[in-house]
Amino acid sequence: MRTSRATIALPIPVRRALRKLGRDIRDARRRRRIPLAVVADRASISRMTLIKLEKGDPGVAMGIYATVLFVLGLSERVADLADATNDPIGLQLEEEHLPQRIRIRSGKRKPAAGE
């Protein structure tokens, strides 16, 4: 794998996460006993791209990762990666900025549902 400026600029935890994701995808493919060529063909990518993906190459597009996960039957979790329910820091920050009280604006008041 060639080293590019983009690869060098990646934080170490990101590189580790990509390598782990690639290994996990490779292991999932192997557990299913699906050859590399078959997954590559089903995902409409080259074998070399799949090899790079399984090594955690950051140059592989996110769409290709998602497509390979789909081929392996694991795509349902892609949509939940940045879901608010999986973001405890974001939820805590949002909760800190909730208003202490809610006031009715002066002027015309909207009637309640039962009025």
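Normalising the average separation of contacting C-alpha pairs (under 8 angstrom, six or more residues apart) by the number of residues puts the relative contact order of the stretch 5-96 at 27 percent.
Computed per residue of the chain from DSSP H runs no shorter than four, each worth -39500 (n - 2.57), the mean residue ellipticity at 222 nm is -15500 deg cm²/dmol. Given the alternatives (i) 6.4; (ii) 13.4; (iii) 7.5, mean projected area of the Cα convex hull in nm² as computed for this entry is given by (ii).
No lab work stands behind these numbers, since they all come straight from the coordinates. Note that the structure is predicted; figures quoted are calculated from it, not measured.
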